[in-house]
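Q: To start, I am sharing the structure in question, which I have written as structure tokens.
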């Protein structure tokens, strides 16, 4: 395709947009809602340009208008400048304190809007909701309402159960809006630093995060892979370190849900690893609202992030006086989709997942035990049923937990335990277990693998950020 | 407020399983059955139809026929179409708001009435028109408001 | 009923149906559109049934509930066959008399006939009533006679004959040619030539192809499509099947507003029957052509009437316009070629094939052929649905058919084209109405809403109303539409609140110009029209609000005061009793006075003041006269009529 942009000829393959064509020859067109890794959205209209076809001109948006042979494009006519100026004036009146808007506006000579000034931050460019839906795949936040009431948020303006704290939305947000959202948990590098400083204690390891102790052990109570989670919970409750625990329990066969338990019986009912992600944050908030204050939360890295982010951005002590959360993080490479896993097990091994005795991941193998028999396959073969969002998480060892537990790095029948804070240390000290040798290298290897994958995925997002 | 019967929700969902593009129709059925779309219903649909909650919530918040809040025993729709507008619909709305001591979009504390504006009921010749539950009241004046509302307990 | 397998079958069936019908048998038809429901058509129907049973006449007298007759102002309407006597505003109390006198004794009840207020004459037949006399009812004709829940009524009128002809005698190309020759333009908004649109869908790559009926009808003040859908759904189904055949589509959608329950219901019944009789499904009328349709309820969003938004809604997604420069005829539902037209457009199609393109072209103007149905509403005497040839003047529609402005008030303007349209002032009343003329006047045809306004309508407030409507109904996705509308509303609210300032009009125009050029979809590009067109024709009214703080129509609360003229007050106490704020000072035999500081301007005093007295008036732009001193408020009743002030 050969076309002319601002009197310069450009040749580019069909299927490209005017924006791509213009940028390929160094012509800058301003955009606010465009990101190369996402479907064009056409909402901010800043990339409006004039096209001429068969002698007739009209205004189109460069971000989604496909290149055509012989098209004449003008990106800087007085008409186009007028459009951009007014759009920026409208946006500046809406979001007067946003640097990105201020600088774009001043580029176009707009400094003081002629409209009533408001104090919004979100310009509704939709980058956050689209990155969450199109790339990460969890759709934790979305557009709500319509017309002038349109906004972005989590359903019912309540804590999201779907947000995995990957922070992709914060990366793409051109303003402060996402950082001000209270119901999702985008955890950026700065956030992690802040959380570590505030809640954790120990040396900072590049791969494993902040920790003071790394041990392997086998609980005297038994349980999967050493049963250390169960043991820590039981002894913690016995020693009055917390009154309740938010744990994941199997329901309806192998499916699972988060529940609050308050005694040993309850803790024991939640034994066993699930490799499933379930709604957790709404349960935590419900427990707090119901008057529970000293709660141990057991969660995957994404859930740990969510709880920490909540502690960081909200004044929980004021909302729930006496609150004391102890976070037990699990090692997690990825979690599976329940229906997908069920179908996969059935077709792969002819095993009914709901009747399985236990499932585990060990040394790159997914192992399911049913009818007294072990069936196993390569975890890598199960990529298709990995939950949305997991490829964007780089945390294998629940770096922000008070104490992290997993099977990797310790002998069979034992658990690896990483202590990261005073609360974590207290918890470990109270538990009875037989210690064993830890293989740190093995943990580091997997943690690096996960991090590398996530970094690669997040890089596509970062690359497109202006 | 009717208790949300999750079994009924499941039945409605069951009727749409395996079909594409049915979310709006499904939500309309839920709305028509319960007069609102509850968080429990959304969670159920999300789980069974494998659709993220935020996408369901988005649709329910976008379309006017769907309500995310429980509504009263009787629903009053005040037509604000252009024909009704020029024949005094704003006054009718004012009068109803005054009478029920609620604003448009709200429900009385005794759950007797919910009040909604609607952009055209398509009975333009009868304006101003209000629709209470299924019944159209045409050519009404503000003086008639009280007696019309009195018909509904 | 066995499926009809050929054109000959259809002919035979029609013969049987008609043969079974005794044209001399008394028949009562009762219009039962939604508007008539609002005026009590159901109770009248029940009363007829009850009375016939009581009189033992259920066998001798037929009853048929038809669709909307259009003259909704005077509904419910019943017509008694074979004499075709037309009774208006019928109540259940009238029914025994109608059965007794008109059915049994063949007498006409004068009081129920139409009264021509000018000549004092009564009109027996519907077609003699001026409201109908000047109309050309083609698309709407079936509504008078057909019971929408009975397919045989439609067949008796020649229904599905056009489909049989098309499927048996014409190739799809010939069908397209015929529609092009008829120069049919879409009735839903833009007036795009239908034949070309269908051809581009036919030629587009991709299978399957879809045909869609838009019955979302979001324009406030318009209900033509509703009435057709409720009153004669088979005509739409037949039209759709013809278009599907021409395009090569085997799957259709009806997108119907869920606020139209009767339309949804009648359509569902009609589809069942059409399937049963073999007008839908496999091998239609023995032609080998297969076509099925699905009904999709619209959940209430004006913006979903935009074609790409509607396609999104059909896919179960939020009905937001798609940001693509690809026509839906190439990439619509599920990215497949899709054709969208509104109800009226499809309903016209069978007529073109019954009577031919030449006949169709003989009606209308150069650029706009055929008839158009308008929803004539607002401050006009005869409100309702009117069908006239394209090119009929606004004056003929409003005065001859509509009977002029209510209560002898002065015409101010007529709003056409819904929220995307504009308001046409008095000096253009003699303009012929067609697609191009309305556009020239800064408005548009839209789907056919025609809202008449009198001198009591404030144009600025009306512009505010439309902008407010669009603030709610825009999807809010793109900046010019969302933020532009918000700021336009802010400015207009300021003006009607008496806070207008120099430069407001220019600002509205500036925002409007950018919205027009830069918005994402047709809603946004036209959203400024109501404001821009009113500025164009009624600038002085804007200026009165801004500069003089005066509302010439005496509507804008902030700019008016209520005042009781002392010499007219009869101390009837009505205003003071009804005042919700106790702002009226008065008592028996005392001239009433409004305490301006307490008055909330609800206007109740104005409404309740007996028209004989007319003491409460509205004042704008000038100060309210000082209240008369208490000492002078006593009214002494004199002899004879009137009162004397002391």
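Bear in mind that the values in this text are calculations on the coordinates, not laboratory data. Owing to the predicted nature of the structure, the values given are computational and were not obtained by experimental measurement. FYI the Cβ positions are ideal-geometry reconstructions off the backbone, even for glycines, and counts take in every protein chain you see.
Q: Need one word for the range B:6-62: rounded, prolate or oblate. Basis is the Cα gyration tensor (sqrt eigenvalues a ≥ b ≥ c); a/c below 1.5 gives rounded, then a/b vs b/c decides.
A: Details: a/c = 1.26, a/b = 1.02, b/c = 1.23.
The shape class here is rounded.
Q: How would you classify the protein assembly as shown from its alpha-carbon gyration tensor, with a ≥ b ≥ c the square roots of the eigenvalues: rounded for a/c under 1.5, else prolate if a/b is greater than b/c, otherwise oblate?
A: Working: a/c = 1.83, a/b = 1.58, b/c = 1.16.
Prolate shape, in that a/c is at least 1.5 and a/b is the bigger ratio.
Q: If neighbour count is taken as other Cβ atoms inside 10 Å, put A:237, C:445, A:345 in order from fewest to most. Intermediate values should be presented prior to the final figure.
A: Working: A:237 22, C:445 28, A:345 25.
With the fewest neighbours first, A:237, C:445, A:345 line up as A:237, A:345, C:445.
Q: Which value in nm describes the separation of the simple spin-label points at residue A:354 and residue A:56, placed 7 Å from the Cα toward the beta carbon?
A: Here the modelled spin labels are 6.1 nm apart.
Q: Now for a separate question. What is the helix-to-structure angle for C:41-54, meaning the angle in degrees between its Cα long axis and the longest Cα principal axis of chain C, kept from 0 to 90 and rounded to the nearest 10?
A: 70
Q: For residue B:98 paired with residue C:128, estimate the spin-label separation in nm (one decimal), with each label point 7 Å from Cα along the Cα-to-Cβ line.
A: 4.7
Q: Applying 1/(1 + (r/R0)^6) with R0 = 41 Å to the Cβ-Cβ distance of residue A:39 and residue C:283, what FRET efficiency is obtained, to the nearest 0.05? The partial results should precede the final answer.
A: Numbers: r = 42 Å, r/R0 = 1.01.
Here the calculated transfer efficiency is 0.50.
Q: If you don't mind, another one. Between the range C:256-301 and the range C:169-184, how far is it from one alpha carbon centroid to the other, in angstrom?
A: Spelled out, the Cα-based centre of one part sits 24 Å from the other.
Q: Per the helix-only calculation at 222 nm, which mean residue ellipticity applies to the protein assembly as shown, given -39500 (n - 2.57) for every DSSP H run of n ≥ 4 and division by its residues, nearest 500 deg cm²/dmol? Don't jump to the answer; show the numbers that get you there.
A: On the way: 44 runs with 437 residues, N = 1265.
Roughly -10000 deg cm²/dmol at 222 nm, from the helical runs in the protein assembly as shown.
Q: Using a Förster distance of 41 Å, how high is the FRET efficiency between residue A:85 and residue B:146, based on the Cβ-Cβ distance and rounded to 0.05?
A: On the way: r = 53 Å, r/R0 = 1.29.
It comes out at approximately 0.20.
Q: Let me ask you something else. To test your reading of the geometry: what angle, between 0 and 90 degrees and rounded to tens, separates the Cα axis of helix C:194-203 from the longest principal axis of chain C?
A: On a 0 to 90 degree scale, this one is about 50.
Q: Relative to the first principal axis of the alpha-carbon coordinates of chain C, what is the inclination of helix C:172-182, with its axis defined by its Cα atoms, in degrees from 0 to 90 and to the nearest 10?
A: The two axes meet at around 40 degrees.
Q: Mind jotting down the distance between the C-alpha centroids of the range C:480-516 and the range C:327-385, whole Å?
A: 35
Q: Ranked by Cβ crowding within 10 angstrom, fewest neighbours first, how are C:94, C:548 ordered? Present the calculation step by step, with values, prior to reporting the outcome.
A: Numbers: C:94 17, C:548 13.
Listed from fewest to most nearby Cβ atoms, that is C:548, C:94.
Q: Would you order C:279, C:469 from fewest to most other beta-carbon atoms within 10 Å of each residue's own beta-carbon? Could you put the intermediate results ahead of the total?
A: Details: C:279 28, C:469 25.
Ascending Cβ contact count within 10 Å gives the list C:469, C:279.
Q: Simple spin-label model, 7 Å along Cα-to-Cβ: residue C:100 to residue A:106 in nm?
A: 8.9
Q: For a test of the definition: using alpha carbon positions, the gyration tensor, and the 1.5 limit on a/c, classify the range A:127-186 as rounded, prolate or oblate.
A: rounded
Q: What FRET efficiency comes out for the pair residue C:362/residue C:11, r = Cβ-Cβ distance, R0 = 30 Å, nearest 0.05?
A: On the way: r = 27 Å, r/R0 = 0.90.
So the FRET efficiency works out to roughly 0.65.
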